[in-house]
Structure formats: structure tokens, C-alpha cells
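Okay, so here's the structure we're looking at.
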Amino acid sequence: MLQALPAPPGEAGLGAAGAARFQLSLELTIRALNESDLDSLDWDSERAIRAPDVARSLRERGDAVEWLGAFVGRAPVGRIGIDYERAGPSVGHLWAFSVLPALQRQGIGTRLLDAAERRLRERGGRLAEIGVERDNHNARRLYERRGYTHHAEAVGHDGEPITLLRKCL
Ligand SMILES: CC(C)(COP(=O)(O)OP(=O)(O)OC[C@H]1O[C@@H](n2cnc3c(N)ncnc32)[C@H](O)[C@@H]1OP(=O)(O)O)[C@@H](O)C(=O)NCCC(=O)NCCS
């Protein structure tokens with residue numbers, strides 16, 4: 001849904017070139033990802049695990065891994081993986097958490113994290129774990145606000161040093 005906005009002062013002259021401002025409201029759905037979503041799953045993010053890795057885990061890991069996606073219409077704009085094996089019994093390891101850059105800082109990541117924690121509880125999980133690179137201060141702040149605390153120093157999927165944070169569900 002598009003709603004026209006007045007041009008801000010100083011930009012009124014842009015109208016002559018056809019420029020205009022609108023507010024866009026989008027309906028967001030969070031649901032399990034499946035193979036048919038994978039083609040449009042990749043976006044530019046230096047920290048995110050790429051779509052081929054998501055595809056491989058969907059094909060090869062069976063029930064041990066689940067993926068949730070945030071969708072606008074049929075287009076994925078966010079994703080998070082839940083690995084039920086990596087961190088041991090009753091601990092869900094959350095990974096490959098990413099939101100389309102243009103839609104970050106709108107609350108989508110928080111909704112995805114909430115949905116992953118709910119799903120983990122449904123499957124009997126008692127702890128959620130997430131790994132964050134040491135220089136990823138924005139993501140770490142988000143996790144700490146959501147109740148995650150330091151658990152251990154570890155090595156990530158590509159050998160990079162990470163900090164593991166955990167939260168009781
Ligand atoms: C980390 C990531 C998934 C978070 O997703 P997101 O959609 O931006 O998360 P949210 O919008 O829910 O929250 C991010 C911040 O925006 C703020 N925010 C939420 N809604 C907002 C709004 N409407 N207006 C302004 N800020 C808002 C939140 O309070 C939060 O602020 P904080 O960091 O100061 O606590 C996303 O930044 C990302 O994809 N980063 C690149 C990949 C990455 O680093 N992944 C994590 C690997 S561990």
C-alpha cells in the first residue's frame with residue numbers, strides 16, 4: 001500500500017523531474033522456508049551464510065535443521081536457521097540470521113528471533129544459542145536486549161572466532 005507524502009522543504013523543486021515521496025506499508029509473514037524459496041533467498045551481506053549453504057542443509061540435514069523465513073508476498077526478506085544437533089540436547093543453535101539490508105532496523109530480525117525461539121520451545125528446546133563474530137556489535141546488542149548472555153568463545157562455520165551467547169527459554 002502506497003501513501004503519498006508531501007515533499008520535504010527544500011526538495012519541492014524535484015517535482016519537476018518527476019520525483020515524489022511515498023510511505024509504503026508491507027505485510028510480513030513468517031513461515032518455514034522450503035526449497036522453492038531458495039532462488040530468491042540470496043542477498044548481499046558480508047556476514048550472512050549464503051543461499052547454497054541453506055539449500056544444502058535443507059537437502060542433507062532432514063529434521064536436524066529447520067529454517068524460518070520472513071516474507072513480503074512471496075519474496076524472502078529475512079531468514080534464520082535452527083540447528084537441533086550442533087549444541088547438544090535441548091539446546092537449539094540459531095544461525096545464518098540475516099535480514100535484507102534495505103529492510104533492516106524495522107523490527108523484522110526481532111520477529112524472526114521470537115519465532116525461532118517459539119519453534120524451539122515447541123520442539124522441547126530449553127536453551128537457545130547464537131554465535132556472533134566479535135566485531136558484530138549491532139547484532140550482539142540485539143541479542144543481549146533479547147536476554148542472551150555470554151556462554152563461551154568458539155569457532156564459527158568458516159573458522160572465524162565467535163562468541164556464543166545463550167538464553168533460557
Ligand atoms: C542482525 C540482523 C539480522 C538484525 O535484523 P533487523 O531486522 O535489523 O533487526 P531489528 O530491526 O529487529 O533490530 C535491530 C535494531 O533496530 C531497532 N529497531 C527495530 N525496529 C525499529 C524501527 N521501526 N525503527 C528504528 N529502529 C528499529 C531495534 O531496536 C534494534 O536496535 P538495537 O540494535 O539498538 O537494539 C540484521 O541486522 C542483519 O541481517 N545483519 C547482517 C547479518 C548479520 O550480522 N547477522 C547476524 C549474524 S550473528
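The numbers here are math on the coordinates, done by the rules we state, and not lab data. Here the structure is a predicted model, which is why all the values come from computation and not from measurement. Heads up, the Cβs are rebuilt from the backbone with ideal geometry, glycines too, and the neighbour counts pull from every protein chain shown.
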Check your understanding: Label-point separation (nm) for N34 and T149, each offset 7 Å from Cα along Cα-to-Cβ?
Key -> 4.1
Study note, to complete from the structure: With the charge dipole of the chain built from beta-carbon charges (+1 for Lys and Arg, -1 for Asp and Glu) about the Cα centre, the Cα from L24, G78, V99 projecting farthest to the positive end belongs to L24
Check your understanding: Once amide H atoms are built 1.01 Å from N in the peptide plane, which residues 5 or more positions from R86, or in another chain, come under 5 Å H to H?
Key -> H93
Exercise for review: For an R0 of 30 angstrom, estimate the FRET efficiency from the Cβ-Cβ distance between Q23 and D53 and round to the nearest 0.05.
Suggested key: 0.25
Point to revise | Computed magnitude of the charge dipole of segment 27-168 (debye, nearest 20; Cβ of K, R +1, Cβ of D, E -1) | key: 620
Check your understanding: Can you put T29, T163 in order, fewest other beta carbons within 10 Å first?
Key -> T29, T163
Point to revise | Relative contact order [Cα under 8 Å, 6+ residues apart], the chain, whole percent | key: 15
Revision key, fill the gap. Footprinting proxy, I80, I162: sorted fewest to most Cβ within 10 Å, the residues are I162, I80
Revision key, fill the gap. Between the Cα axis of helix 51-60 and the main Cα principal axis of the chain, the angle (0 to 90°, nearest 10) is 40
Check your understanding: Q3 to R141: FRET efficiency via 1/(1 + (r/R0)^6), r the Cβ-Cβ distance, R0 35 Å, to the nearest 0.05?
Key -> 0.65
